[in-house]
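Have a look at the structure below before the remarks.
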Amino acid sequence: MSRLRAAARAPEAAAPEIDGFRGRHLALAQRQIVTEFGRAGVTVDEAESPLAWLARRRGRNGRTLIEAHQLQAGERLRMDFTLAHLMPRTSSNWTNPVAIDSDACGGRDAAGATEAMVAARQRVHLALDAAGPEFSGLLLDVCCFLKGLEDIERERAWPPRTAKVVLQLGLERLARHYGYAGETRGRARAPLRTWLAADVEFVVEVTGGIDVT
């Protein structure tokens, strides 16, 4: 029972250890990411993420290059990618090659950490499957591996400014998978409804001592 409850909770990400010297060279910001468990607060370096740069930059029409819901979708994919430990290591871990960092995965033990990692990997695969093969590679490069659009265009021999258009389409499909939208649709106002007993009246006191029933 305790294991099922632990799996149903959102993984608790450890607070980043950033000293004062390093902090002066980073553009740190707090963001709220919507997950299946609710909202989660994360610390991001806005100078590091290409999505944050695109969300701040405006085009000739005065609109940002990507919308807020597209940024949120990309950051959510990046968070799951990080929790899943899918980023390849650039150096060897000589401290304990077979151990799992349970604190980073939000688990109390190795079993809990593995469950969190597997769940995150499943979410990544579902998101990429929803985006489709035409967008999944680009989303991985930009959202997870933090490649710049110019580097992607050069690697794939795309014309200039092509990656931005394709990325917008991919992020829109990813946002649709997560249930994000650029605008809220529905009735602006809902009718006032009350549930009262048959012998009770609804009374509103108006300034001046007049009762409206």
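The values are calculated or read from the model by the stated rules, or taken from the named source; none is laboratory data. As the structure is a computational prediction, the values presented were derived from the model and not from experiment. Positions of Cβ are generated from backbone atoms using ideal geometry, with glycine treated the same way; all protein chains shown enter the neighbour counts.
So how many residues does the range 141-154 have that are crowded, with 19+ Cβ neighbours inside 10 Å and in contact (Cβ under 8 Å) with a residue 12 or more places away in the chain? Qualifying residue count for the region: 5. Restricting the first member to the range 116-127 and to residues that are touching a residue at least 12 places away in the same chain (Cβ under 8 Å), and the second to residues that are part of a helix (DSSP H, G or I) and among the basic types (Lys, Arg), the beta-carbon pairs closer than 9 Å and six or more apart or on different chains are Arg123/Arg76; Ala127/Arg76.
What do you reckon, is Arg176 surrounded by fewer than 19 Cβ atoms within 10 Å (Cβ to Cβ), touching a helix residue (DSSP H, G or I) at 6+ places or on another chain (Cβ under 8 Å) and modelled with pLDDT of 95 or more? The answer is yes for Arg176.
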